[in-house]
Amino acid sequence: MEPAPAPPEPAAAPAADAAYEPVRKALATYLSPDDLEQIDTAYRFAAAAHAGQLRMSGEAYVTHPVAVTGILASWHLDPQALVAALLHDVTEDTPVGMEEIGTRFGAVAAELVDGVSKLDRIEFQSQEDAQAENFRKMLMAMSRDVRVILIKLADRLHNMRTLDAVPSEQRRRIARETLDIYAPIANRLGLNGVYRELQDLAFRHLYPLRYRVLAKAVQAARGNRRELVGKILEAIKRRLSELAIEAEVQGREKHLYSIYRKMREKSLSFSQVLDIYGFRVIVRDASSCYLTLGALHQLFRPVPGKFKDYIAIPKANGYRAVHTTLIGPYGTPVEIQIRTREMHQVAETGVASHWLYKDSGKSLSELQQMTHKWLQSLLDLQSASGDPHEFLDNVKIDLYPDEVYVFTPKGRILALPRGATAVDFAYAVHTDVGNRCIACRINRELMPLRTELRNGEQIEIITAAHANPNPAWLSYVKTGKARSEIRHYLKTMQYAESAALGERLLNRALQALGVNAGVIEPAAWDRLMRQGAAKSRQEVYTDIGLGKRLAAVVARRLVTREDEPRTLAPVVIRGSEGMAVQFATCCWPIPGDAIVGSIKKGQGLIVHLADCGAIRKSRAAKPENWIDVEWEPEPGRLFDAQIRVEAENHRGVLARVAAEIAAAGSNIQNVGMDAERGAYSSLYFTLQVSGRVHLARILRRIRRLPEVSRIGRTRE
Ligand code: MN
């Protein structure tokens, strides 16, 4: 929020110190004295920088960064984040520059402050998908350090708490933006408390009248039903203590905004919404969660199909708990969440719980790795979860785990596929930039053009007027645009040049087979040209140089002896060849499957199952396009395979199947489920396997489960 113009008299320092005192006390409960002293220094620096500035409420401006720091302290964030929170408005509103922050408080704090100010500069005007997409990209670019977003959310939370002082039109805009952008992000990051509070605050400022009416009605209704709620609570507590399950049982207050949303979206009346009661049971460990569930299902009848096991399969934001709905007295539905203390902590503070301050026991790079891992898992799981009304699920998230977001020197964001290099970036900026590039700077450091780009990096391409594309780029570029532009250039390049390159590549491939190019007999060349419909050796070389033929395949053909023309030595597939070898998505071959390959111009070798239905016709029509391929005995990576499991709708089936998969040493890439049909449902898993033997071992384990009626590999 912008401060009001500075008044002539500086704000009284003691009032600000009074605001800092309680925050300092909270910090003292978990920071070391040294760290605390650093925070004190940052506070004095911020107070001096903001001296004389007032908030719209009339308070000294520095009370705002102090309050933001207080929120971060309640999440136990580390000293660097706390320093950055204290200084987060300093560079925007005062003459202090980023460099000064860097020298005084270290590079990390300065980077965090820089990240927060960059976020401040984005304008969110509408709910349009384009805007959403833009924001997501920004979020990703910033996501190399999640603390930036944590600080931003705390900043927004405090601004929302003090929104009354802001003129009404601005207030509506900020409230709208909070509801559309910040609350969903808090939710996505698993910061449940912040999410609910932001929503309720935004609701109050956006629709003051509706808020007041609803608040009153809820208050009255709660008074009327206190007795019934008390009864249910008592019954639950008694049953759990009879079974000696140590548990804390809480009645769960529904938030006003979620009541409002439910009424609107499902066209429910107020009494219908309020007829749902929520309880939360917090127990000691995960197995007690299931014990509690069993106990409660005996106490009240469960509603079929309402049971969810987020312990076995956590939500994308890390949320874990067991949910069920029971039919309480008078037929009232009762929603129950069962979780451990630790799961509760994660549910309330989400990603912040990954940043818990641990007495400087962890280095920053470890923390960053943790963040990265967490984000990666979030990205991987994104498609498997979620309420369809959630903001982030509205955008095309399935495209997203495979992208990196990087900045141009002017701050424009470009999205590129994961693994893209500086050359891809150059061609994404402009064809001429790509064709003329000779070097690059990544975050101001000179780096090789083949460097893989990572989220949030700033890329600058250095060009030279007479530079040309290098054919070797073809071996590492990832984007179609770069590939086709380079090819286009090479095609128009001197014939001799690409032929020379092709000859070099072929000689290298022959060497890999232990053959010297000089000993290849002319007959072998003739046969190759006949089979490949090439007119001359030069043409074969040129084709290789232009990437139309695979040097490895040509080399194989040349060394195959003439007296066995039908049995060309199969090309061996390792799985780690990169772009030159691709696995067909119509049949998902895995090691152990019988396979064949076809060479497609410009796409390299495509591997299919030998009995793949999609290729039957083309194999019959043009057998010369197909070559024998076989797997290397120990392929260098894992492959995706998909299975379908039909199982009885029993509680915990998913958990048990998942446990068997894990026990068989496989990772679950994705889980899907068909709508329940009677007593059975179909579960779909995408698994990572090393090959057929591994897959068979997994299937065998799952088949042993009594609930499983059918199981098999699928190709969907
Ligand atoms: Mn601020």
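The values are calculated or read from the model by the stated rules, or taken from the named source; none is laboratory data. These numbers were taken from a predicted model, which means no experiment stands behind them. Heads up, the Cβs are rebuilt from the backbone with ideal geometry, glycines too, and the neighbour counts pull from every protein chain shown. We work out accessible area using only protein heavy atoms, side chains counted, and drop any ligands, DNA or RNA first. Shrake-Rupley method; radii C 1.70, N 1.55, O 1.52, S 1.80 Å.
Quick rundown of the values:
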quantity: Verdict on Pro471 being under 17 Å from Arg487 (Cα atoms) and open to solvent by 10 Å² or more (accessible area, probe 1.4 Å); calculated: yes
quantity: So Glu265, is it out of contact with any helix residue (DSSP H, G or I) (no Cβ under 8 Å at 6 or more places or on another chain) and at pLDDT 90 or above; calculated: no
quantity: Val653 being surrounded by 14 or more Cβ atoms within 10 Å (Cβ to Cβ), more than 29 Å from Ala552 (Cβ to Cβ), free of Cβ contacts under 8 Å to residues at least 60 places away in the same chain and aliphatic (A, V, I, L, M); calculated: yes
quantity: Selection count, segment 182-213, where residues are crowded, with 19+ Cβ neighbours inside 10 Å, of a type in the set (A, V, I, L, M, F, W, C) and part of a helix (DSSP H, G or I); calculated: 8
quantity: Those residues of segment 48-65 which are in a loop (DSSP other than H, G, I, E, B), within 14 Å of the ligand (Cβ to nearest atom) and not aromatic (Phe, Trp, Tyr), in sequence order; calculated: His50, Gln53, Arg55, Met56, Ser57, Glu59, Val62
quantity: Test for Glu100: is it more than 15 Å from the ligand (Cβ to nearest atom) and at pLDDT 85 or above; calculated: yes
quantity: Test: residue in segment 82-95 that is more than 18 Å from Lys152 (Cβ to Cβ), away from the ligand (no atom under 14 Å from the Cβ), at pLDDT below 85 and open to solvent by 20 Å² or more (accessible area, probe 1.4 Å); calculated: yes
quantity: All helices (runs of 4 or more DSSP H) inside segment 268-367 with 1 or more residues being modelled with pLDDT under 90, more than 30 Å from the chain's Cα centre (by Cα) and farther than 20 Å from Glu246 by Cβ; calculated: 270-274
quantity: Selection status of Gly434, touching a residue at least 60 places away in the same chain (Cβ under 8 Å), open to solvent by less than 30 Å² (accessible area, probe 1.4 Å) and not assigned by TED's automatic domain parsing to the domain that holds Ala552; calculated: no
quantity: Number of positions in segment 144-176 that are open to solvent by 20 Å² or more (accessible area, probe 1.4 Å) and either over 26 Å from Asp78 (Cβ atoms) or within 14 Å of the ligand (Cβ to nearest atom) (or both); calculated: 14
quantity: Residue tally, condition surrounded by 12 or more Cβ atoms within 10 Å (Cβ to Cβ), modelled with pLDDT under 80 and of a type outside the set (S, T, N, Q), over segment 603-629; calculated: 6
quantity: Segment 151-181, subset closer than 17 Å to Glu59 by Cβ and among the acidic types (Asp, Glu), residue modelled with the highest pLDDT; calculated: Asp155
quantity: So Asp35, is it free of Cβ contacts under 8 Å to residues at least 60 places away in the same chain and assigned to a helix (DSSP H, G or I); calculated: no
quantity: Flag if Leu119 is surrounded by fewer than 24 Cβ atoms within 10 Å (Cβ to Cβ) and within 11 Å of the ligand (Cβ to nearest atom); calculated: yes
quantity: Leading residue by the ranking (farthest from the chain's Cα centre (by Cα)) among those in segment 187-217 that are among the aliphatic types (A, V, I, L, M), under 29 Å from Ser74 (Cα atoms) and at pLDDT 80 or above; calculated: Ala215
quantity: Any chance Gly691 is closer than 30 Å to Ser598 by Cα, surrounded by 14 or more Cβ atoms within 10 Å (Cβ to Cβ) and not assigned by TED's automatic domain parsing to the domain that holds Arg527; calculated: yes
quantity: Residues of segment 222-240 classified as farther than 10 Å from Leu299 by Cβ and open to solvent by 80 Å² or more (accessible area, probe 1.4 Å), total; calculated: 6
